[in-house]
Amino acid sequence: VQLVESGGGLVQAGDSRKLSCVSSGRTFNVMGWFRQVPGKDREFVSAIRWGTGSTYYAKFAEGRFTVSRDNAKNTVYLQMNSLEPEDTALYYCAAGNLGFRIVSMASNYADWGQGTQVTVSS
């Protein structure tokens, strides 16, 4: 699966930003969003099951972030609201056939995008 993220940029605290990830290639059943800052491990943000539309969120994302998909466009979105400086990171989308495996574990995903930087200024 080839994954291409877009939508990152520089925003101010309190602003919103919508990330997109277009997929092509093999099929998969889960697409996830992760983020990473230098010196830290990749952190789970959100995930969505492609078939059922079931969604999952990290604690910090609940109520602020919304993951969605457009099957026709093979695209998954991450709408981020009320952004905080702590949300500054390189955001990656990932795809995999997880079955019942844990969606929040980065090692369960086979394919990754190149990442898109989100910087939130205070």
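The values are calculated or read from the model by the stated rules, or taken from the named source; none is laboratory data. Small disclaimer: the values here were computed from a predicted structure and weren't measured. Using ideal geometry, Cβ is built from the backbone for each residue, glycine included, and neighbour counts are taken over all protein chains shown. Just the protein is used for accessible areas: all its heavy atoms, side chains included, with ligands, DNA and RNA removed. Shrake-Rupley method; radii C 1.70, N 1.55, O 1.52, S 1.80 Å.
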Total charge dipole magnitude, the chain, about the Cα centre, Cβ charges on Lys, Arg, Asp, Glu only, Debye to nearest 20: 320
Surrounding net charge for Leu3, when Lys and Arg each add one and Asp and Glu each subtract one, Cβ distance under 12 Å: -1
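What's the FRET efficiency of Val4 with Ser122 using the Cβ-Cβ distance as r and R₀ = 30 Å, to the nearest 0.05? Intermediate values should be presented prior to the final figure.
Details: r = 30 Å, r/R0 = 0.99.
Calculated value: 0.50.
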Protein accessible area in the chain, 1.4 Å probe - carbon and sulfur %: 49
Rg and Dmax [Cα atoms of the stretch 1-99; Å; Rg one decimal, Dmax integer]: 13.0, 38
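Can you give the FRET efficiency to the nearest 0.05 for Arg101 and Ala72, using r as the Cβ-Cβ distance and R₀ = 25 Å? Don't jump to the answer; show the numbers that get you there.
Numbers: r = 27 Å, r/R0 = 1.08.
Computed FRET efficiency for Arg101 and Ala72: 0.40.
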Label-point separation, Thr52 to Ser24 (7 Å along Cα→Cβ), nm: 3.1
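Given +1 on the Cβ of Lys and Arg, -1 on the Cβ of Asp and Glu, and no further charges, what dipole in debye does the stretch 12-70 carry about its Cα centre, rounded to the nearest 20?
Roughly 80 debye, rounded to the nearest 20.
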Segment Phe60-Ala13, extension gain: residue separation times 0.36 nm, minus the distance between their alpha carbons: 15.4 nm
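Over the stretch 1-114, what is the mean sequence separation of C-alpha contacts under 8 Å (at least six apart), divided by residue count, expressed as relative contact order in percent?
On the way: 249 pairs, mean separation 38.7, N = 114.
The normalised contact order for the stretch 1-114 reaches 34 percent.
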Accessible surface of Asp15 - all protein chains present, 1.4 Å probe, nearest 10 Å²: 60
Computed over the stretch 1-61: relative contact order in percent, which uses C-alpha pairs under 8 Å that are six or more apart: 23
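Val120: net charge of surrounding residues, Cβ under 13 Å, Lys/Arg +1, Asp/Glu -1, itself excluded?
For residues surrounding Val120, the net value is -1.
Around Asn74, what is the net charge, scoring Lys/Arg as +1 and Asp/Glu as -1 over all other residues with Cβ under 14 Å from its Cβ? Working shown, then result.
Details: positive: Arg26, Arg69, Lys73; negative: Glu5, Asp70, Asp111.
Every neighbour counted, the sum reads 0.
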